[in-house]
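First comes the structure, then the notes that go with it.
The values are calculated or read from the model by the stated rules, or taken from the named source; none is laboratory data. Values in this document were obtained by computation on a predicted structure and should not be read as measured data. No Cβ is skipped: glycine too gets one built from the backbone with ideal geometry, and neighbour counts run over all protein chains shown.
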Amino acid sequence: MQNFKELKVWDKAHLITLSIYKASSKFPKEEVYGLTSQLRRASASIPANIAEGCGKNTQSDLAKYLNISLGSANETEYFLILSKDLDYLSEEQFSTLSNDINEVKAMLISLIGKVRSK
């Protein structure tokens, strides 16, 4: 078992989630149960699954939850693209969040490889 709060990838994913909540608060009100909710849930799923995986007793369980986090990161990336294309995010917001999510994806891929090699 590992303390998820000590992982840089968890910290980065948590900060992205906070940024997404702030940015999506400006989305149109008709999206509150649509894209706003989907984007927030996908982004929050990244650090949540890292945390859940760290509470498991085996490396294979941890790797499984890290893979779920990676899937959620990909889902978040798509919702960011959609948000930009609908003009809900500025180019600057999109660029920052997209770069951050890609960094988290790379960190997750690296961590999954390390966990699987143990």
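The set of residues in segment 1-37 being of a type in the set (S, T, N, Q), part of a helix (DSSP H, G or I), surrounded by fewer than 18 Cβ atoms within 10 Å (Cβ to Cβ) and touching a residue at least 12 places away in the same chain (Cβ under 8 Å) consists of SER19 alone.
Restricting SER45, SER69, SER25, SER60 to those that are under 26 Å from VAL115 (Cβ atoms) and over 14 Å from the mean Cα position of the chain (by Cα) reduces the list to SER60. Taking the listed residues ASN57, ASN67, the one that is modelled with pLDDT under 95 and surrounded by fewer than 18 Cβ atoms within 10 Å (Cβ to Cβ) is ASN57, with no other qualifying.
Taking the criterion of being hydroxyl-bearing (Ser, Thr, Tyr) and in contact with a Gly (Cβ under 7 Å, 6 or more places away or on another chain), the only residue of segment 55-71 that qualifies is TYR65. Please indicate, with yes or no, whether at least one residue in segment 92-105 is closer than 29 Å to GLN2 by Cα, in contact (Cβ under 8 Å) with a residue 60 or more places away in the chain, assigned to a helix (DSSP H, G or I) and small (Gly, Ala, Ser). Scanning segment 92-105, I find no residue that is closer than 29 Å to GLN2 by Cα, in contact (Cβ under 8 Å) with a residue 60 or more places away in the chain, assigned to a helix (DSSP H, G or I) and small (Gly, Ala, Ser), so the answer is no.
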